[in-house]
Amino acid sequence: MGRTDRRIIGIAGAPGAGKSTYAERLVAQSEVPAAQVPMDGFHLADSALVALGLRDRKGAPETFDAWGYAALLRRLRSATGTAGETVWAPAFSRDLEQPLAGAIGVRPDVELVVTEGNYLLLDRPEWRAVRAELDEVWFLDLADDVRRARLVARHVEFGKSPDAARCWVSDVDDPNAVLVAASRDRADRFVTL
């Protein structure tokens, strides 16, 4: 089963494609002990984004700690079996719009980790380091109009006005979606939703 008994499957796709929901379903339906570890836990905190001048691009590749994400995936790969330890991974709170350190415990008996994120297939050094820790990456395809409607609804649900939500989707999420789509040919499997 790859480099250890633990498999790590990545679910990639554009913002709003349904990656988290799909990953949750894979974990729930797994026949072996499984855990979900989202890339979104590696969002830089808003205070860091402000200091870097990137707050208005939150969600773009450079607004994540990709090297830290790769290091966590490497640690998840090696911390298995009875001699392993529980690895604590960060989550992302949509209510706070901030990452939460140490929110997800991955026990040593977990045989399948499902991680999801936009940039798992991006051809940049830090994202290639992430890809190197994944056994497979599945790419989710969803019609753009459905994806955009989901994103606007999500942004409104978490505090933006409808106009601000549509602007954010147009100015931030859609350019990120174009970047993600350009990496789709590197996927091992395609899933159409």
Check your understanding: Of the residues that make up the stretch 117-137, is at least one loosely packed, with under 15 Cβ neighbours inside 10 Å, out of contact with any strand residue (DSSP E or B) (no Cβ under 9 Å at 6 or more places or on another chain), under 22 Å from E62 (Cα atoms) and without any contact (Cβ under 8 Å) to a residue 12 or more places away in the chain?
Key -> yes
Point to revise | So L140, is it crowded, with 16+ Cβ neighbours inside 10 Å, part of a strand (DSSP E or B) and within 17 Å of the chain's Cα centre (by Cα) | key: yes
Review point. Is it the case that some residue within the stretch 149-171 is within 14 Å of P15 (Cα to Cα), among the hydroxyl-bearing types (S, T, Y) and out of contact with any Gly (no Cβ under 8 Å at 6 or more places or on another chain)?
Key: yes
Point to revise | Residues (hydroxyl-bearing (S, T, Y) and closer than 25 Å to A17 by Cα) located in the stretch 64-123 | key: Y69, S93, T115, Y119
Point to revise | Residue check, A101 out of contact with any His (no Cβ under 8 Å at 6 or more places or on another chain), in a strand (DSSP E or B) and among the aliphatic types (A, V, I, L, M) | key: yes
**Study point:** Sole exception among (1) at pLDDT below 95; (2) farther than 18 Å from V180 by Cα; (3) of a type in the set (A, V, I, L, M) for A28, by number
**Key:** (1)
Review point. If we scan the stretch 49-61, do we find a residue that is under 24 Å from E157 (Cβ atoms), assigned to a helix (DSSP H, G or I) and of a type in the set (A, V, I, L, M, F, W, C)?
Key: yes
Practice item. Take the stretch 104-122 and flag every residue that is part of a loop (DSSP other than H, G, I, E, B) and farther than 16 Å from S30 by Cβ. Key: P108, N118, Y119, L120, L121, L122
**Study point:** Positions within the stretch 43-95 being under 17 Å from the mean Cα position of the chain (by Cα), among the basic types (K, R) and within 19 Å of K160 (Cα to Cα), in sequence order
**Key:** R57, K58, R94
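Quick one: would you say S78 is closer than 19 Å to D135 by Cα and at pLDDT below 90?
Details: closer than 19 Å to D135 by Cα: yes; at pLDDT below 90: yes.
So S78 passes the test.
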Review point. Which residues, taken from the stretch 151-177, are more than 20 Å from the chain's Cα centre (by Cα), surrounded by 16 or more Cβ atoms within 10 Å (Cβ to Cβ) and in a helix (DSSP H, G or I)?
Key: A165, R166
Revision key, fill the gap. In the set A60, A35, A103, the lone residue that is touching a residue at least 60 places away in the same chain (Cβ under 8 Å), surrounded by 20 or more Cβ atoms within 10 Å (Cβ to Cβ) and small (G, A, S) is A35
Study note, to complete from the structure: Over the stretch 79-99, the set of residues surrounded by 14 or more Cβ atoms within 10 Å (Cβ to Cβ), over 24 Å from D174 (Cβ atoms) and touching a residue at least 24 places away in the same chain (Cβ under 8 Å) is A79, T80, G84, A89, P90, A91
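The values are calculated or read from the model by the stated rules, or taken from the named source; none is laboratory data. Just so it is clear, the model here is predicted, and its values are computed rather than measured. Ideal geometry is used to build each Cβ from the backbone, glycine not excepted, and the neighbour counts take in all protein chains shown.
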